[in-house]
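Novice: Please read through the structure below; I'll follow up with questions.
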Amino acid sequence: MVLLETRVILPLTIDEFKIGYVYTQNRLRKQNSDQKLNVVDIKSHCYQKPGTNVQSQNLGLYTRKNLKILSSIPSWVFKIVPREKILLETQCWNEYPEVVTTLYHLPFLGKRVSFSLEQTVLADDDGKRKNVFKLNRSELKERKILQVDICDDKITDCLGVAATEDPKRVKNSRCPLRRGWQIKKPHICVYNVFRVDVNIWGIQTKAEQLILDNIREVYLKILRFTVCWMNDW
């Protein structure tokens, strides 16, 4: 199993992040719909957050979706698995700003593969908290910490983003970001815990890293868009 904790500093307040993140998700959802990507909404409903009373308006949001991922699957898989079975099931519990839990499941691989974005914590700090997720001793031994710079050129090249989606080039009230921007206010840190577990002999390590890299890349792109699209939200 791989347990990765990422720490991403953003030039936003917590309230700004909540507004911008929801806007970005909705905008990307609309773009995906316009591009006719195979995303099927199965279920969506609000739920009472633990520790809140029934009259509280502070609700969580549960969503369940199926995504067809044919373009991401090697051709040899189709010889053993029917195309209609190749889905990525996602379940997400959103409780802003404290927790965002997303479970991913590949039904055609059964229980041999599991991966999740388990928690998200927003904090008004510079990403130096030692154990924000209160991991136990064994989890702390397994944990790898990755401090992510949203202006990293390697990330920009990897994602292939346009100037309007690059925080070093886009123009809004906080961008373009220059060297040393992380020490200026306002800024927050977005802490995440990713868990990946692959129980397939011979490919475990490579498969875990591949899955982790893909999840991290998609999530990082959303965070970058949240900053770069600030003028729109």
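Novice: Quickly run through region 196-233 and pick out the residues that are farther than 25 Å from ASP15 by Cβ and under 12 Å from the mean Cα position of the chain (by Cα).
Specialist: Those that are farther than 25 Å from ASP15 by Cβ and under 12 Å from the mean Cα position of the chain (by Cα): LEU212, ASP213, ASN214, ILE215, ARG216, GLU217.
Novice: Which residue pairs have Cβ atoms under 8 Å apart, sit 6 or more places apart or on different chains, and have a first residue in region 215-233 that is in contact (Cβ under 8 Å) with a residue 24 or more places away in the chain and surrounded by fewer than 17 Cβ atoms within 10 Å (Cβ to Cβ) and a second that is outside any helix (DSSP H, G or I) and not hydrophobic (A, V, I, L, M, F, W, C)?
Specialist: Note: pairs meeting the criteria are ASN231/ASN172; ASN231/SER173.
Novice: If I filter region 151-164 for residues that are modelled with pLDDT of 80 or more and either closer than 14 Å to PHE194 by Cβ or buried (at least 17 other Cβ atoms within 10 Å of the Cβ) (or both), do I get at least one hit?
Specialist: So far as region 151-164 goes, yes, one or more of its residues are modelled with pLDDT of 80 or more and either closer than 14 Å to PHE194 by Cβ or buried (at least 17 other Cβ atoms within 10 Å of the Cβ) (or both).
Novice: Moving on. Being more than 22 Å from ASP232 (Cβ to Cβ), at pLDDT 90 or above and in a loop (DSSP other than H, G, I, E, B) narrows it down to one of LYS134, LYS141, so name that one.
Specialist: Result: LYS134 is the single residue among LYS134, LYS141 that is more than 22 Å from ASP232 (Cβ to Cβ), at pLDDT 90 or above and in a loop (DSSP other than H, G, I, E, B).
Novice: Restricting to region 201-233, name every residue that is in contact with a Gly (Cβ under 8 Å, 6 or more places away or on another chain), assigned to a loop (DSSP other than H, G, I, E, B) and of a type in the set (A, V, I, L, M).
Specialist: MET230
Novice: Take the residues in region 108-127 that are surrounded by fewer than 13 Cβ atoms within 10 Å (Cβ to Cβ) and either more than 20 Å from the chain's Cα centre (by Cα) or small (Gly, Ala, Ser) (or both); name whichever of them is modelled with the highest pLDDT.
Specialist: Looking at residues that are surrounded by fewer than 13 Cβ atoms within 10 Å (Cβ to Cβ) and either more than 20 Å from the chain's Cα centre (by Cα) or small (Gly, Ala, Ser) (or both), I get LYS111.
Novice: Restricting the search to region 24-46, which residues are modelled with pLDDT of 60 or more and surrounded by 12 or more Cβ atoms within 10 Å (Cβ to Cβ)?
Specialist: If the condition is that a residue be modelled with pLDDT of 60 or more and surrounded by 12 or more Cβ atoms within 10 Å (Cβ to Cβ), then THR24, GLN25, ARG27, LEU28, ARG29, ASN32, VAL39 are the ones that fit.
Novice: Are any of the residues in region 189-200 in a loop (DSSP other than H, G, I, E, B) and either at pLDDT below 90 or more than 20 Å from CYS151 (Cα to Cα) (or both)?
Specialist: yes
Novice: Consider region 1-20. How many of its residues are under 23 Å from LYS141 (Cβ atoms) and either touching a Cys at 6+ places or on another chain (Cβ under 6 Å) or surrounded by 15 or more Cβ atoms within 10 Å (Cβ to Cβ) (or both)?
Specialist: 6
Novice: Taking VAL170, is it in contact (Cβ under 8 Å) with a residue 12 or more places away in the chain and assigned to a loop (DSSP other than H, G, I, E, B)?
Specialist: Judged against the criteria, VAL170 is a match.
The values are calculated or read from the model by the stated rules, or taken from the named source; none is laboratory data. Just so it is clear, the model here is predicted, and its values are computed rather than measured. All Cβ positions, even for glycine, are placed from backbone atoms using ideal geometry, and neighbour counts span all protein chains on display.
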